[in-house]
1. Inspect all residues belonging to the range 122-140 and state whether any of them is more than 30 Å from residue 159 (Cβ to Cβ) and out of contact with any Cys (no Cβ under 9 Å at 6 or more places or on another chain).
2. Go through 10, 36 for me and flag whichever is at pLDDT 90 or above and either in the same structural domain as residue 118 (by TED's automatic domain parsing) or closer than 25 Å to residue 110 by Cβ (or both).
3. Report the residue count in the range 60-76 for those that are free of Cβ contacts under 8 Å to residues at least 24 places away in the same chain and part of a loop (DSSP other than H, G, I, E, B).
4. Quick one: in the range 46-74, of everything that is among the small types (Gly, Ala, Ser) and over 14 Å from residue 110 (Cα atoms), which residue is nearest to the chain's Cα centre (by Cα)?
5. Right, residue 71: at pLDDT 90 or above and in contact with a Phe, Trp or Tyr (Cβ under 9 Å, 6 or more places away or on another chain) or not?
6. With respect to the numbered conditions (1) more than 29 Å from residue 189 (Cα to Cα); (2) in contact with a helix residue (DSSP H, G or I) (Cβ under 6 Å, 6 or more places away or on another chain), which one is the sole condition not fulfilled by residue 121?
Amino acid sequence: MLTREQVSKALPPNLKNAATQSLVDTLNNLQDPTTAQEIRDNFISYTGVLREGKFKTEDYLNAVMYVTYKLIGKSNLDAYCLVFPQRYADLVARGTSSKDISSYVAAYNKGKLVNLILEQTLVPTWVLNQDIYQKAINTQAELMLNANSEMVRMQAANSILTHLAKPKEAGPLVNIDMRETSGMNELKQALQEMAQQQQELIKAGVGTKEVAAQRIGGVVSEQ
């Protein structure tokens, strides 16, 4: 459950006064128990979009609910009906055609507030697949050291040099602490230097055993 203080802290400065007890009660008494906690979490997480326009907190909550339902697999129409049950019931009672109702739903789905929130839910694929990325680097390092083929070792070394190179421009996409420790920097530097040395030795015609016996950080690699 949320407190008024938590809601107030999450809202931008210009909307602090909107953190009323009524709003907090609405958040804490959502009818659908299967999504209530997720809606509350999303309400707190995406308040940054409120700085991008003059949106009412009530509209923001509705948009958060709509996006949350979409994220768990609901169709646009189902999400709309769950967020605006009375509005949908009124449309049906007036004999509004399915085509027109779909048009209203589509218009809401394309709205600025809904799409600002949807943008916040997108997670870069490199974040989602960090473990796979690291495994790929480990595999390349293993091939660089122990592959029987000199060409394979050279390609693996080149791959490490390419992918561990310092990016030309690093702009954080999400607020994740990716700072490197001194140990990580030293290991990366050692791998890069080792890869460069192996490439040069292979090009110079040095034999497999001699290349594989090069030291990395003071440790001799073994075939």
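The values are calculated or read from the model by the stated rules, or taken from the named source; none is laboratory data. Everything quoted here is computed from the prediction, not taken from an experiment. A quick note on method: Cβ atoms are made from the backbone with ideal geometry, for glycine too, and the neighbour counts reach across all protein chains shown.
1. Of the range 122-140, the ones more than 30 Å from residue 159 (Cβ to Cβ) are none.
No, that holds for no residue.
2. None of the others qualify; the one that does is 36.
3. Result for the range 60-76: 3.
4. Ranking the qualifying residues of the range 46-74, first place goes to 48.
5. no
6. With respect to (1) more than 29 Å from residue 189 (Cα to Cα); (2) in contact with a helix residue (DSSP H, G or I) (Cβ under 6 Å, 6 or more places away or on another chain), residue 121 is out only on (2).
Conditions (1) surrounded by 15 or more Cβ atoms within 10 Å (Cβ to Cβ); (2) touching a helix residue (DSSP H, G or I) at 6+ places or on another chain (Cβ under 6 Å); (3) in a loop (DSSP other than H, G, I, E, B); (4) on the phi < 0 side of the Ramachandran plot, marked per residue:
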site: 17; (1), (2), (3), (4): no, no, no, yes
site: 22; (1), (2), (3), (4): no, no, no, yes
site: 32; (1), (2), (3), (4): no, no, yes, yes
site: 37; (1), (2), (3), (4): no, no, no, yes
site: 42; (1), (2), (3), (4): yes, yes, no, yes
site: 49; (1), (2), (3), (4): yes, yes, no, yes
site: 54; (1), (2), (3), (4): no, no, yes, yes
site: 58; (1), (2), (3), (4): no, no, no, yes
site: 78; (1), (2), (3), (4): no, no, no, yes
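Listed here are the residues, each with its yes/no results for (1) modelled with pLDDT under 90; (2) closer than 24 Å to residue 28 by Cβ.
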position	(1), (2)
48	yes, yes
63	no, yes
91	no, no
135	yes, no
